[in-house]
1. Search the structure for amide H atoms under 5 Å from the amide H of L26, placed 1.01 Å from N in the peptide plane, and list their residues when 5 or more places away or on another chain.
2. Based on the mean of other beta carbon atoms within 10 Å per residue, what is the order of 68-78, 32-42, most packed first?
3. Between K48 and Q24, what is 0.36 nm times their sequence separation minus the Cα-Cα distance? Round to one decimal in nm.
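Nothing in this text is a laboratory measurement; each read-out follows from the coordinates by a stated rule. Because the structure is a prediction, the values reported are computed rather than measured. Cβ: placed from backbone, ideal geometry, glycine included. Neighbour counts: every protein chain shown.
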Amino acid sequence: MTRSVLLLTIFIATINQATATNSQVLRLHGSKTVGASLVPALLDAWLKQKGYTIISKEQTAAEELSIMAENAHSEIIRVELHSHGSSTSFRD
């Protein structure tokens with residue numbers, strides 16, 4: 001439970017940083033458990049809340065998902081989600 005809370009906190013901090021810096025690529029690496037369904041659902045909700053429409057979702061490799069979204073200003077954001085396990089969170 002503590003590990004999930006920590007990873008979720010890191011996820012939220014990363015999202016806030018990406019928003020603050022107007023980054024166009026958001027990379028999330030970590031937990032298989034959280035990355036399998038929770039993070040994709042959170043990403044969908046976050047992108048919609050920020051005014052983005054999902055253009056595509058592509059499984060790029062085992063436990064890897066790429067999401068492209070666009071807002072009304074034609075700004076595109078790409079999200080790379082790699083859920084290879086908690087031990088991979090800080091390698092990149």
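1. The answer is R78, V79, E80.
2. On the way: 68-78: 13.4, 32-42: 15.8.
Ranking, from highest mean packing down: 32-42, 68-78.
3. On the way: separation 24, 0.36 × 24 = 8.64 nm, distance 1.54 nm.
This chain segment gains 7.1 nm when fully extended.
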